[in-house]
Amino acid sequence: MAQAQTTEHVGLARVLGPAHIWALGVGIVLVGEYMGWNFSVGKGGAYAALMACWFAGILYTCVAMIDSEVTSTVAAAGGQYTQAKHIVGPLMAFNVGLYLVFAYTMLEAANAITFGFLIDTVATMSGHEAGSLDQRPFIILAIMFLAWLNYRGVLATLTFNLVITAIAFTAVIVLFLSTSGIFTDSPLRHTELMSGPAAMPYGWLGVLAAMHFGLWYYLGIEGTTQAAEEVRSPARSLPFGTLAGVMTLAIAATLTWYVCSGLMPWEYLGQAGVPLFDAARLSGSTFLMVFLGIGTMFATLASANGCINDASRAWFAMGRDRYLPGWFGAVHPRYRTPYRAIIFLVPIALIFALGAPIDQVITFSILSGLLEYTFMPLNIILFRRKWPLESINRGYEHPFHPLPAYVLLGLCGMTFFAVFLGYGTQLVAMIAFYIVVSLWFHFWRYRFVNRGAQFTMPWPKPRGY
Amino acid sequence: MDLWNYLEYAAWAASFLFGLFIVIDWIRTDSTYSEDFLTSSREGELEALTEEQHHHRG
Amino acid sequence: MAKYVAPVQGKVGQIIDVIVLLIMAIGALYIPLWMGLAGSSKDPQPVENPTWESLGQNPAMVEQWEKLGYSDAASAAELITARFDYSFSITALIVMIVVIVGYYAILLRFSEKEYREVIAEKFGE
């Protein structure tokens, strides 16, 4: 093709606004309100789940504040990966990049599994013989369609996400309003359902254990930073979109808890597959049931969609720096998307969506997220130490440093303990994997990376070097 | 055979079509442009780049 | 300091690296599954002839159970009595703490070493 193009550059397209950032953040997470959070009720009862919800809310507020400060300054695709590369060092960056890709790809697989389950439920309700539906084509279709959408361009992808996320969020609000007793008699029975031993069935240990799935209320909100290279004004849009996203989720999470715990005994709620859909069913209104069914479907699609977006950006950024084979660092000249990263992650998502049980996939995702949150306090402490406030311009400065960092570190410790109570073996297997991979990177892969060139921010030399 | 069996086939077919589109476009893109051009994106160059692209578009 | 020039990796090398990474990643998820070590399930505690009262359910709870499709106490008994086992050994806890802290220590140490090189090359000595 054109001779001139050999000297030109092709990069990602800067087309997104703050609403897209909100949709990317909330879209990934909102599915957690439709399924998964309620396992925390099973872990410790309804009150424990509410406490876990708020503790996790604090954890994610710290995450969002820290992330907003760093990312409004380090605005590049790859998000936390690029942050780690500039602030902590290459090996940490490689690990963080992998956390991101695994957390999102596993979450995408979990969403596709849930989507298949939901289609099956609808088929059974409409008279199809129970259990005879082949869920696989629907799981594959969800992943292929969203991969295609992502391949074709980021603006359409995230506009689609904005619409379906807004509908899914509205469904939660409508369910709350129509069961709250503002308009009609409320069907909610909190006092009776949470009396006696049902209040705290495992005591305070249950509150700790509930933290494991408490993360599920918000997991993925930190993915907003992946869009840094595609948003029109990152220094303003990223903090705004991320912080608005955390607030939206804290509201949605509390409302979800309130409605569900007022309708279902905790023993049922703690193992339900689609709790909000069950709540709508119990409310007795067909309209609500259909609306929340659609909400569940949209939430799974929005989440998988955002996950493809985020995982591919992280994979792309690592390829671009040669942390991974440089072949992945390509941008589509017409659609301006990291198309090879998108293509490569499709079969990976399919392997896990079709071959692994959902609770394992979710745990893999939560653990990768947790390792990433543990990195963040280290990141911000080093960031403030190497580049004090007056040394570079920040788009956003978070208040009360270093308090949020220590709170976040403490809450991460708590969550590690909670995961240990249920899934200790996975935790160790997972960390063993990251240790092996780190050694592989340090002693082999890193030779392909140019040293000074990977530091791309126009910052002064860090203090102490 | 009821509606859902047909939907299963439709889902297989649609998945295949989306996959086909991606693969064809991928092969076409890779053979049209040079590897250096495709992998020319660099971190931190974006501000200048967006300006530049506006002039060259079309 | 002399500028480090990274070798360019060939196609075959790139493919091998991706395969190695994939094997490690899939291994991390599937090995605990194959070894049957994964996950924690609840243990149901069987009760003879359960009634709603003996399961500790009050009238409001019973009403909701019935709406959910559990028409008698026996059908819900397994769900209601199942409990997680949260007992753990102190040794296992210590092992976990050592593994996590050790992992981050390795990460920070190696990263710091590589980071000094990056800064030295970027900003000159």
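We did not get these values from a lab; they are worked out from the coordinates using the rules stated. Since the model is a prediction, treat every value here as computed from it, not as a measurement. Glycine gets a Cβ as well: all are built from the backbone with ideal geometry, and neighbour counts include every protein chain shown.
Taking every Cα-Cα distance in region A:189-334 and sorting them into 10 Å bins starting at zero, the pair-distance distribution P(r) comes out as 9, 27, 28, 20, 12, 4, 0 percent.
Placing unit charges on each Cβ (+1 for Lys and Arg, -1 for Asp and Glu) gives the protein assembly as shown a dipole about its Cα centre, and among A:PRO458, A:VAL437, A:TYR104 the Cα reaching farthest toward its positive end belongs to A:PRO458.
Separation of region A:132-193 from region A:82-112 is 26 Å, based on Cα centroids. Of all lysines in the structure, those lying under 16 Å Cα to Cα from A:LYS43, and not within fewer than 8 positions of it along the same chain, are C:LYS42.
Longest span of chain A, sites excluded, free of GluC sites (Glu not before Pro) in DSSP loop with at most 13 other C-beta atoms within 10 Å?
Numbers: sites that count: A:GLU129, A:GLU390.
Longest stretch, sites excluded: A:130-389.
Here A:LYS85 is the anchor, and the aspartates and glutamates within straight C-alpha reach of less than 13 Å, apart from those fewer than 8 places off in the same chain, are A:ASP321, B:GLU43, C:GLU112, C:GLU114, C:GLU117. Of the trypsin sites (Lys or Arg not before Pro) found in region A:395-465, the ones in coil according to DSSP and having at most 12 other Cβ atoms within 10 Å of their Cβ are A:ARG463. Ranking A:GLN226, A:ALA76, A:ALA156 by how far each Cα lies toward the positive end of the dipole of chain A (charges on Cβ) leaves A:ALA76 at the top.
Compute the distance from the alpha-carbon center of region A:279-330 to that of region B:4-25, in whole Å. Centre-to-centre distance over Cα atoms comes out at 20 Å.
The alpha-carbon of C:LYS67 sits under 19 angstrom from the alpha-carbons of these aspartates and glutamates, leaving out residues fewer than 8 places away in its chain: A:ASP185, A:GLU192, A:GLU267, A:ASP278, C:GLU53, C:GLU78.
Here the scattering of region C:5-109 is modelled by Debye summation over its C-alpha atoms, one equal scatterer each and no solvent; at q = 0.12, 0.14, 0.17, 0.22 Å⁻¹ the log10 of I(q)/I(0) is -0.76, -0.84, -0.97, -1.18. The mean of 1/r over all pairs of different alpha-carbon atoms in the protein assembly as shown, once inverted, gives a Kirkwood hydrodynamic radius of 25.5 Å.
Against chain A, whose longest principal axis is taken from its Cα atoms, helix A:358-386 shows a tilt of about 50°.
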